[in-house]
Every structure is written in structure tokens, then in C-alpha cells.
Amino acid sequence: AQSVTQLGSHVSVSEGALVLLRCNYSSSVPPYLFWYVQYPNQGLQLLLKYTSAATLVKGINGFEAEFKKSETSFHLTKPSAHMSDAAEYFCAVKGNTPLVFGKGTRLSVIA
Amino acid sequence: GAVVSQHPSWVICKSGTSVKIECRSLDFQATTMFWYRQFPKQSLMLMATSNEGSKATYEQGVEKDKFLINHASLTLSTLTVTSAHPEDSSFYICSARDRLGGVNTEAFFGQGTRLTVV
């Protein structure tokens, strides 16, 4: 079975500051891990994914995430937040089941 | 990335009527599509997995007679909410997995359908 825990339902950062969204996973098999972004009343857009290749994964819009097996983590980061980054972010894990999503983290960016 | 189109984007219907939502993969073939439900400020809850040419697999607690899923072709799956009630009001999102991408590739998501039952 797989599960995902996103720490912090709401994160607020200043424009230009570091963005760090936390995700911890549990999986009985080697996992595939994903980060998605959702804007209001829209579907999900894939930011990046880990599929057992490089542990540091670079995605779109300047985001990246590092897979740390020892910590069972897959935290999402961006060096400098932009106003357009304000959205809901979901971490998801896939093992031998369909995608399992975390509860999401709402990112607010303050000017 | 691949494009998944969901239609309609929003719909308002009267209590007791049925509503059909379409999910299309526009530039790839999808043997598997997924239907999710999302309540306000919550995560996505998988409702069912739709496989082309066979019956959908429903998650525990999802009424298959209320949420009818048809996946008649490699590019189209439909979700019909039958005898809708206000508690069925929600945001419904589909996703589709590229047939050529393998079981562990990411699924591509539609833009969602906001259903309001009055």
C-alpha cells in the first residue's frame, strides 16, 4: 500500500523567497513520485516526477525535488517564488496501485 | 505533455436528473482512464478506474449504479451521474494514461468539471 503525507496545508512566502513544500511517502514497493500543481477550478498539471533515475529531479517553472529514500521524502523546492506560483500543490505516489495523492498544500505568495 | 479534454467544464442540473461528463485523450490512446472527485479544499479521491472495452473498477464506497462509467474507445471515457442530488455537487476530474507509456507513467489530467445540483 502507498500513502502520502504533505506537511502544512498552507504555506506562505514572500515573492523572491525560497519555496519549500514537504512531502513524505510510504510505499511497500519502490515508488514513483509526482508533484502536481492545480490552479482554481482547473485540473492538475504535472510539475515533475521521480521514476528511479536521478534522485534530483528538475521540473517546469523552476521547481525541483529530491528523492531521499532514507528519509522517505520528496520535498518540492524553488529558489525564488513568483506571484504566479500561488496555487495548490499535490504530491502523489504510485507503487502497485493507481496514484495516491496527498491532501495538498496551498502556496500563497506575498508581494 | 499529452492533452486530456474534459467536457463540460461546469454544469448545473436539477435534482433527480442525470449528467454526463466526457473525458477525451486528444493526441494519444488511453486504455486506462481514471475518475476522481474533489471536494472543496480537499485532495482528489479516486472513484474508479476505467479500462477500454471492459467494466470499470470502482473504489470502495463508490456506488457503481449511481456513477456509470463507459470507456467505449481508446480516446473517450464518460462518467454519468444518475439521479443527481445536491450532495453529488463536486469537482470531477479525469485522467488518462498513455497506452504506449506503460503502467508506471504519469496520467494526464483533464481540466475538471464543476457539477452543481440544485
Counting other Cβ atoms within 10 Å, keep those with at most 14, restrict to DSSP loop, and tell me which GluC sites (Glu not before Pro) in the stretch A:9-111 are left.
A:Glu15, A:Glu71
Shape parameters for the protein assembly as shown, alpha-carbon atoms, Rg then Dmax in Å
17.7, 52
Using only the Cα atoms, what convex hull volume per residue in Å³ does chain B have?
99
When you look at the Cβ of every residue in B:37-44, what mean number of other chain Cβ atoms sits within 10 Å?
5
Chains A and B together, accessible area buried on both sides, 1.4 angstrom probe, square angstrom
1500
Show me the trypsin sites (Lys or Arg not before Pro) within the stretch B:1-102 that DSSP assigns to loop and that have at most 12 other Cβ atoms within 10 Å of their Cβ.
B:Lys14, B:Lys41, B:Lys55
Averaged across orientations, what area in nm² does the convex hull of the alpha carbons in chain A project?
6.5
Provide the gained length on full extension for the span B:Ile12 to B:Leu74, in nm with one decimal, where the gain is 0.36 nm per separating residue minus the Cα-Cα distance.
19.5 nm
Average partner coverage of B:80-92, which counts Cβ from other chains inside 10 Å
0
Here the relative contact order (percent) of chain B, from C-alpha pairs under 8 Å and at least 6 apart, is 37
Search the structure for amide H atoms under 5 Å from the amide H of B:Val62, placed 1.01 Å from N in the peptide plane, and list their residues when 5 or more places away or on another chain.
none
Share of carbon and sulfur in the accessible heavy-atom surface of chain B [1.4 Å probe, %]:
53
Lys pairs in the protein assembly as shown, Cα-Cα under 22 Å, at least 8 apart or on separate chains: how many?
26
B:Ser5-A:Ser70 FRET efficiency (beta carbon distance; Förster radius 30 Å; 0.05 resolution)
0.15
Computed FRET value (nearest 0.05) for A:Asn61 with B:Thr105, which takes r as the C-beta separation and R₀ as 25 Å
0.75
Share of chain A's accessible area from carbon and sulfur, percent, 1.4 Å?
54
Looking at the stretch A:1-57 from every direction and averaging, what is the projected area of its Cα convex hull in nm²?
5.3
With the 1.4 Å probe rolled over protein heavy atoms, the stretch B:1-116 has an accessible area per residue in Å² of 48
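The values are calculated or read from the model by the stated rules, or taken from the named source; none is laboratory data. Predicted model only: the values in this text are computed from it and were never measured. As a convention, Cβ positions derive from the backbone with ideal geometry for all residues, glycine included, and neighbour counts pool all protein chains shown. Keep in mind that these areas ignore ligands, DNA and RNA; they rest on the heavy atoms of the full protein, side chains included. Shrake-Rupley method; radii C 1.70, N 1.55, O 1.52, S 1.80 Å.
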